[in-house]
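Heads up: the structure comes next, in structure tokens.
The values are calculated or read from the model by the stated rules, or taken from the named source; none is laboratory data. This structure is a prediction, so every number in the text was calculated from the model and none was measured. Here the Cβ positions follow ideal geometry from the backbone for every residue, glycine too, while neighbour counts run over all protein chains shown.
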Amino acid sequence: MVIKKMKPIREQVYDGLKDMIFSGKISSGERIVEVDFSEKLGVSRTPLREALRMLELEGFVSCSEKGGVIVNYISVKDIEEIYLIREALECIVIKEVIKKYSENMAAVDSILTKTASLIENKAPYEEIIAMFEKFNQTLYNISRLKHVSKLINNMKEYSKRFRLLCLQDETRLKEAFDEHCKLVEIIKKKDIDEALKLNKIHLKKSMNFVLEKMTELK
């Protein structure tokens with residue numbers, strides 16, 4: 001891991017460990033031993049210990065009786081609860097976006113156009129997923145509900161590894177993009193009920209794919 005000067009080392013270690021967990025480089029149930037990982041990451045044990053505490057507070061790891069910490073498993077119940085919370089929070093966001101739909105919707109249209117081009121040209125899935133995240137974040141920004149947006153993003157972190165695997169599936173990726181396009185069309189029509197209905201379907205499909213990937217990885 002390359003340590004950069006502009007960010008505190010503990011935060012860089014935290015980001016690095018979280019990426020390793022999400023990418024599967026550190027598996028669920030794996031024990032993180034300070035001595036081993038401080039050497040692997042090229043940092044002292046103090047920032048590593050601080051980073052692990054940050055991950056523990058967020059529920060990604062827990063202390064092990066044998067020493068070190070264990071990467072927590074994500075259960076089916078956890079995923080179902082996460083998506084239930086996301087649906088409730090995104091319902092609030094969508095209602096606010098519809099009220100303010102004329103503001104910055106050109107930015108949303110631009111993102112959809114760029115995403116369509118990336119999909120058509122079979123760009124690396126990482127680039128397409130980055131545009132998906134930009135689409136979501138732009139809608140959150142339009143809602144001007146910063147605390148709600150932060151809560152949603154925190155919820156999404158827990159299932160990030162599985163969501164990324166789902167979006168590597170070309171069929172689901174295209175389907176999710178079509179759902180984004182339809183949602184924007186409905187928002188422009190200011191049809192709150194239809195927008196909430198579509199978003200519920202979108203999240204349900206996403207959750208089912210995540211649960212499917214969880215089963216495959218067991």
Discussion item. Would you confirm whether or not the range 68-80 contains a residue that is under 21 Å from the mean Cα position of the chain (by Cα), part of a loop (DSSP other than H, G, I, E, B) and surrounded by 15 or more Cβ atoms within 10 Å (Cβ to Cβ)?
Written reply: yes
Item to complete: Confirm whether residue 33 is within 18 Å of the chain's Cα centre (by Cα), among the hydrophobic types (A, V, I, L, M, F, W, C) and at pLDDT 85 or above.
Response: no
Worksheet entry | Conditions (1) of a type in the set (Asp, Glu); (2) over 30 Å from residue 127 (Cα atoms); (3) surrounded by 12 or more Cβ atoms within 10 Å (Cβ to Cβ); number of the one not met by residue 15 | (2)
Worksheet entry | Filter result (under 14 Å from the mean Cα position of the chain (by Cα) and either of a type in the set (A, V, I, L, M, F, W, C) or within 15 Å of residue 59 (Cα to Cα) (or both)) within the range 21-30 | 21, 22
Worksheet, complete the sentence: When restricted to 152, 129, the only residue touching an Asp or Glu at 6+ places or on another chain (Cβ under 7 Å), assigned to a helix (DSSP H, G or I) and closer than 25 Å to residue 24 by Cα is 152
Worksheet item: If you go through the range 110-130 one residue at a time, do you hit one that is surrounded by 18 or more Cβ atoms within 10 Å (Cβ to Cβ), polar (S, T, N, Q) and assigned by TED's automatic domain parsing to the domain that holds residue 202?
Response: yes
Worksheet item: Does the range 29-43 hold any residues that are under 17 Å from residue 19 (Cβ atoms), in contact (Cβ under 8 Å) with a residue 40 or more places away in the chain and not in a helix (DSSP H, G or I), and which are they?
Response: 30, 42, 43
Discussion item. Taking the criterion of being surrounded by 15 or more Cβ atoms within 10 Å (Cβ to Cβ), assigned to a loop (DSSP other than H, G, I, E, B), out of contact with any Cys (no Cβ under 7 Å at 6 or more places or on another chain) and at negative phi, would at least one residue in the range 44-57 satisfy it?
Written reply: no
Worksheet item: How many of the residues in the range 155-184 are without any contact (Cβ under 8 Å) to a residue 24 or more places away in the chain and within 21 Å of residue 214 (Cα to Cα)?
Response: 2
Worksheet entry | Subset of the range 154-210 that is farther than 19 Å from residue 139 by Cβ and among the basic types (Lys, Arg) - its residue that is farthest from the chain's Cα centre (by Cα) | 174
Response to the item:
Checking 145, 151 in turn, the sole residue that is without any contact (Cβ under 8 Å) to a residue 60 or more places away in the chain and in the same structural domain as residue 95 (by TED's automatic domain parsing) turns out to be 145
